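J.: This structure is in structure tokens; I'll ask about it shortly.
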Amino acid sequence: MTATRRTLIAGNWKMNGKSADGVALATAVAEKMKSGGSVPFDMLVSPPFTLISKVYDAIKGSGVLLGGQDCHTGVSGANTGDISAEMLKDLGCDAVIVGHSERRTDHNESSELVAAKASAAHGAGLIAIICIGETEAERDAGKTLDVNGAQVAGSVPAGSTAKNTVIAYEPVWAIGTGRTPTNDEVQEVHAFIRAELAKKVGADEAGAMRILYGGSMKPGNAKDLIALKDVDGGLIGGASLNADDFWAIGEASK
Ligand code: 13P
């Protein structure tokens, strides 16, 4: 975290929430944001697509940002079941997550496709939150930096800037497991990612671009993680489903 990059606390609800509990969660987060006064961090929630309109209404005027969890590469067309970045924008979204490891694994998404989705997000005026991260086998094989370097090179499209792009480093083996890399390991990968970003977008944009850590971030470990020099917030799964825990992560980042 540095004073020049505003901390972003982003919640990825994944495939969780129906109308009543989704609205209750969003309302609780919005209430905390409103009563929190002027906080030194941005807060974003990414509900499943089915809840975006309801969550939009629940958080309106609170300053909480809204994101989708995926988008198609196109604007519109014969793509049954898909959602375009333009559609997310039309619903009031500010951002969209692309390239989450669950999509890379479950839907065979390549870095090339992720870059095209990020480009589509940019075209629609959305912030692309581009996820990267190594598997446990890759880490054990000593390939962590290689894998993340290749994912930065392949997933960050031309035209990416610090304003329209956020990177989320999520070690796959840390997601939902309660395990995290050590703080030194996290800082090492984040600094490396920033250096690789500089090759793609230039040193100034890379220096200003936010790089979030994701993977078992909780109120108890958020302070130390977000205090790391090149960690600019968190992409939070499980703990974002509880408004108190999610807010506590924001508070811990101060
Ligand atoms: P957890 O916080 O549940 O480990 O999930 C992290 C994640 O995948 C956010 O995108």
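The values are calculated or read from the model by the stated rules, or taken from the named source; none is laboratory data. Fair warning: this is a prediction, and the values are worked out from it, not measured in the lab. Here Cβ is always computed from backbone atoms with ideal geometry, including for glycine, and neighbour counts include all displayed protein chains. Surface areas here come from the heavy atoms of the whole protein model, side chains and all, with no ligands, DNA or RNA. Shrake-Rupley method; radii C 1.70, N 1.55, O 1.52, S 1.80 Å.
J.: Over segment 121-225, with a single point scatterer placed on each C-alpha, what log10 of the ratio I(q)/I(0) does the Debye formula yield at q = 0.20, 0.21 1/Å?
T.: For the requested q values the scattering log ratios are -1.03, -1.11.
J.: Right, something else. Select from 172, 33, 79 the residue farthest towards the positive end of the dipole of the chain; place +1 on Cβ of Lys and Arg, -1 on Cβ of Asp and Glu, and compute about the Cα centre.
T.: Result: 33, furthest along the dipole toward the positive end.
J.: Counting only protein heavy atoms and a 1.4 Å probe, tell me what percentage of segment 91-211's accessible area is made up of carbon and sulfur.
T.: On the way: 2440 of 4850 Å².
In segment 91-211, the share of accessible area belonging to carbon and sulfur is 50 percent.
J.: May I pose another question? What is the distance, in nm, between label points placed 7 Å from the Cα along the Cα-to-Cβ direction at residue 254 and at residue 199?
T.: Once both label points are built, they end up 4.1 nm from each other.
J.: How many Å² of accessible area per residue for segment 115-157, probe 1.4 Å?
T.: Working: 1430 Å² over 43 residues.
Each residue of segment 115-157 exposes 33 Å² on average to a 1.4 Å probe.
J.: Pairs of alpha-carbon atoms within less than 8 angstrom and 6+ residues apart define the contacts here; what relative contact order does the chain have, in percent?
T.: 21
J.: Points 7 angstrom from Cα along the Cβ direction at residue 223 and residue 150: gap in nanometres?
T.: The two pseudo-label positions are separated by 3.9 nm.
J.: Related question: Stick to Cα atoms and the Kirkwood definition of Rh, then tell me Rg/Rh for the chain.
T.: 0.94
J.: Let me ask another. If I ignore ligands, DNA and RNA and count only protein heavy atoms, how much of residue 56 is accessible to a 1.4 Å probe, in Å² to the nearest 10?
T.: Its accessible surface works out to 90 Å², give or take rounding.
J.: How much of the DSSP bridge set in the chain is antiparallel, in percent, rounded to the nearest 5?
T.: Of those bridges, close to 0 percent are antiparallel.
J.: Sticking with this one: Give the value in nm², to one decimal: projected area of the alpha carbon convex hull of segment 12-115, averaged over all directions.
T.: 7.2
J.: Given the DSSP H assignment, sum -39500 (n - 2.57) over each helix run of at least 4 residues in the chain and divide by its residue total; what's the result at 222 nm in deg cm²/dmol, nearest 500? Let's see the in-between values first.
T.: On the way: 11 runs with 112 residues, N = 254.
One gets -13000 deg cm²/dmol as the mean residue ellipticity at 222 nm.
J.: Residue by residue, what Karplus-based ³J(HN,Hα) values in Hz, rounded to whole numbers, does segment 68-73 have, using 6.51, -1.76 and 1.60 with θ = phi - 60° and x for Gly and Pro?
T.: Values, residue by residue: x, 10, 5, 8, 7, 7 Hz.
J.: Further question on the same structure: Rounding to the nearest 20 debye, state how big the charge dipole of segment 42-103 is about its Cα centre with +1 on each Lys and Arg Cβ and -1 on each Asp and Glu Cβ.
T.: Numbers: 4 positive and 8 negative charges, 21 e Å.
Using only the charged Cβ atoms, the result is roughly 100 debye.
J.: I've got another one for you. Please give the contour-minus-distance gain from residue 28 to residue 183: 0.36 nm per residue of separation, less the Cα-Cα distance, rounded to one decimal in nm. Could you put the intermediate results ahead of the total?
T.: Working: separation 155, 0.36 × 155 = 55.80 nm, distance 3.05 nm.
Taking residue 28 through residue 183 to full extension adds about 52.7 nm, to one decimal.
J.: Here's a follow-up. Hey, which of these cross-link pairs are over 27 Å Cα-Cα: 199/223; 14/163; 60/163; 34/54; 117/218?
T.: Flagged as over cut-off: 199/223; 117/218.
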